[in-house]
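The structure under discussion appears below in the form of structure tokens.
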Amino acid sequence: MESKGLVARVAAPIGAAMALYHMYVIAFGPPEAMIFRAIHLSFAVALILLLFPFAQKDGRRRFIWLDALIFAVAALALGHVFLHIDYFIDRIIYIDDLKPFDMVAGIGLVLVVLECTRRVIGWALPITALVFIGYTVFFTDVSLMVLVDQLYMTTEGIFGSTLGVSAAYVMIFVLFGAFMERTGTGSLFMDFALALTGRSAGGPGKVAVISSSLFGTVSGSAVANVMVTGAITIPLMKRTGFKAPFAAGVEAVASTGGQIMPPIMGAAAFVMAEFLGVSYATVALWAFLPALLFYVACFASVHFEAKRLGLKGMPKEEVPNFRRVLFDRGHLFIPVAIILTGMFMGYSAPLCALAGTLACFPVAMLRASTRQGLSWTLIWDALVDGSRNTLAVALACACAGLVIGSITLTGLGITFTNVVVNLAHNSLVLALVLTAAAGIVLGMGMPTTPAYIVMVSLMVPAIMKLGVIEPAAHMFAFYFAILSAITPPVALAVYAAGSLARAPIWPSGWAAVRIGFAGFLVPFMFVYDPSILFIGEWYDIAHASITAIIGIIVMAAALAGYFAGPMQMWTRVALIVGALLMIKPGTASDIIGVAIIAAVYGIGRMAARKAAAVPSAGNPS
């Protein structure tokens, strides 16, 4: 429609300007923190009001006056920050009373943030923020003036560190993903995975695991990952014999893991680095082995399921040649290599991401196979897409600032910590289960980043009080905020994959839980053995890595019902016990676990030989 075209023509330059501004800031340095974050929020609010109207019918915007009013309120509140930044910085918070305009602007911006957040990610996070604000106003001695002071006039609310992470880190990495997509890296990931595993047993399922892990590091969204890679992998899985719910489950689990997969993880990883005061490279190092365990388990689940069903791989003529894929398009991996190299050399993550982003199109121009179709229009589109893809994270971080500001002001975090500790009766296992459940429930209604932020404020201090080291506690919260995407009843990645597979939601959801079961175990593993986070001596890390990988693979075999051959129920139970003993830290448990696994494998081999001998005995040559 005409109105849509006009909106697009207005929104596109704003989006491009937003991307270029953030690239400039990374290259030449940001302004004062509050100004930088306010500019980031200003771009985001303007784009949301243009792209997500309050109501729309037959392609035409309705109640446009309401969008104009929200824009005016945002302009006044944010303009107040820009024009009077010295006043914001010099005043003494909680001591100097707010002026009437400060109160109006502050309350107005809170309402703008809530409404814009609702438009891009739904009701869950705004309602959560309203609950904490309501608690502060009506159930504590904190006055409305003090609350507005905290949420609007300082960097402890809307303009807090979470919005700073969105502005400084998330924006440029999302932009990098947009540039990678526009230069054809998505198809490279798919063909690379096909060439590696397409012809093996259950090949298309393994392709889904590898391609989704690669693409997930670029997209950062489980649902987006499903829609891009699943459109190809799910039909291939169904065609080669996998049932539709299992195919949907594989794609949902593999796509969800992208947020925990270094080198480029989900936005919450950057927030974690900010909270812990460490480099992003350190967070990526902590996440490496847990992510590997997650994907090894997913890959093994596909392999054993294919073996159990007797499935074959894809025909040779349908699988790309590995050498040809690398020769023709392997150079498109160079921008990722630039980011990795820069971070290991000690440069900041945003600067490395900027270098990788700027390298995408020149690298694509190196060979004729990737040069075709490149144009200045694609660069413009990548800038616009990068800004649009940042909107949900930017508003989620701003709205999460309302939650954090309220919790900090009331001391609710300390109260909640004591409640959790008392409920758990000083039992770490029970506290971890409560924290995991909270992460899954929060993640059902909001994106990973705000779910993780709320958990850090409420649940993480409780498990730290029971002895969990800080990195492990934060990673635990991070993982379970992500795993909600594959946990029924609200499992967005499963919904997306199920729609592509034309599979019922509940069977698909339970298939995803079984395939991703290791994902639910891994956080408990690194809580009890931080060596899995690469924390500790090298021999402890090596020992924990080897036993954990063995345990995870064996667990996948037990859940699939196939190891050396098809398994009976009692051997599956025995194998689960062996796997858990391998996963549990301790040399004695490892020895017992190996013995059980070896025994089950031997029994399976003997049963397979007997089964193979029966037909030959009935048909002598």
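List every residue pair whose Cβ atoms lie under 6 Å apart, where the two residues are 6 or more positions apart in sequence or sit on different chains, the first residue falls within the range 504-517 and is farther than 16 Å from Tyr295 by Cα, and the second residue, located anywhere, is part of a loop (DSSP other than H, G, I, E, B).
Gly509/Pro488; Gly509/Ala491
Among the residues of the range 359-382, how many are without any contact (Cβ under 8 Å) to a residue 40 or more places away in the chain and either within 17 Å of Tyr169 (Cβ to Cβ) or in a helix (DSSP H, G or I) (or both)?
6
Six or more apart or on different chains, Cβ atoms under 6 Å: show the pairs whose first residue is in the range 12-38 and more than 10 Å from Gly386 (Cβ to Cβ) and whose second is modelled with pLDDT of 95 or more and among the aromatic types (Phe, Trp, Tyr).
Pro30/Phe36; Met34/Phe159; Arg37/Phe159
Tally up the residues in the range 133-147 that are in a helix (DSSP H, G or I) and surrounded by fewer than 21 Cβ atoms within 10 Å (Cβ to Cβ), please.
Qualifying residue count for the region: 9.
Given the range 1-104, what helices (runs of 4 or more DSSP H) lie entirely inside it while holding 3 or more residues that are surrounded by 13 or more Cβ atoms within 10 Å (Cβ to Cβ) and in contact with a Phe, Trp or Tyr (Cβ under 6 Å, 6 or more places away or on another chain)? It would help to see each step written out before you state the result.
On the way: elements: 2-28, 33-51, 64-83, 85-90.
It comes to 33-51.
Among Gly249, Gly258, which is the only one that is under 26 Å from Leu309 (Cβ atoms) and surrounded by 24 or more Cβ atoms within 10 Å (Cβ to Cβ)?
Step by step, each of Gly249, Gly258 is checked, and only Gly249 is under 26 Å from Leu309 (Cβ atoms) and surrounded by 24 or more Cβ atoms within 10 Å (Cβ to Cβ).
Looking only at residues that are at pLDDT below 90 and hydroxyl-bearing (Ser, Thr, Tyr) in the range 261-287, which one is surrounded by the most Cβ atoms within 10 Å (Cβ to Cβ)?
The residue in question is Tyr280.
Determine if the range 448-461 includes at least one residue that is free of Cβ contacts under 8 Å to residues at least 24 places away in the same chain and not β-branched (Val, Ile, Thr).
no
Output the residues belonging to the range 62-99 that are free of Cβ contacts under 8 Å to residues at least 12 places away in the same chain, of a type outside the set (A, V, I, L, M) and under 22 Å from His40 (Cα atoms).
Residues satisfying the conditions are Gly79, His84, Asp86, Tyr87.
Residues in the range 496-512 that are more than 16 Å from the chain's Cα centre (by Cα) and either crowded, with 19+ Cβ neighbours inside 10 Å or not in a helix (DSSP H, G or I) (or both): how many?
Let us first name the residues in the range 496-512 that are more than 16 Å from the chain's Cα centre (by Cα), namely 497-512.
Subsequent filtering for residues that are either crowded, with 19+ Cβ neighbours inside 10 Å or not in a helix (DSSP H, G or I) (or both) retains 497-498, 500-504, 508-509, 511-512.
Number of matching residues: 11.
Here are Val209, Val170, Val250, Val226: which of them is touching a residue at least 40 places away in the same chain (Cβ under 8 Å), within 30 Å of Ala77 (Cβ to Cβ) and touching a helix residue (DSSP H, G or I) at 6+ places or on another chain (Cβ under 8 Å)?
Being touching a residue at least 40 places away in the same chain (Cβ under 8 Å), within 30 Å of Ala77 (Cβ to Cβ) and touching a helix residue (DSSP H, G or I) at 6+ places or on another chain (Cβ under 8 Å) holds for just one of Val209, Val170, Val250, Val226, which is Val170.
For the range 483-495, enumerate the residues that are not in a loop (DSSP other than H, G, I, E, B) and not β-branched (Val, Ile, Thr). Can you show your working first?
So in the range 483-495, the residues not in a loop (DSSP other than H, G, I, E, B) come out as 483-486, 492-495.
Within the range 483-495, Leu483, Ser484, Ala485, Leu492, Ala493, Tyr495 meet the criteria.
Tell me the helices (runs of 4 or more DSSP H) entirely within the range 148-243 that contain at least 1 residues that are farther than 30 Å from Tyr94 by Cβ and not hydroxyl-bearing (Ser, Thr, Tyr).
Where helices (runs of 4 or more DSSP H) fall fully within the range 148-243 and carry at least 1 residues being farther than 30 Å from Tyr94 by Cβ and not hydroxyl-bearing (Ser, Thr, Tyr), they are 171-182, 185-197, 203-219, 222-239.
Which residue, of Ala431, Ala462, is over 10 Å from Ser484 (Cβ atoms), in a helix (DSSP H, G or I) and touching a Lys or Arg at 6+ places or on another chain (Cβ under 9 Å)?
Ala431
Quick one: how many residues across the range 304-331 are in contact (Cβ under 8 Å) with a residue 40 or more places away in the chain, farther than 16 Å from Leu236 by Cβ and in contact with a helix residue (DSSP H, G or I) (Cβ under 7 Å, 6 or more places away or on another chain)?
7
The values are calculated or read from the model by the stated rules, or taken from the named source; none is laboratory data. This one's a predicted model, so the numbers in the text were calculated from it and none came from an experiment. Counting neighbours? That spans all protein chains shown, and the Cβs are built from the backbone with ideal geometry, glycine included.
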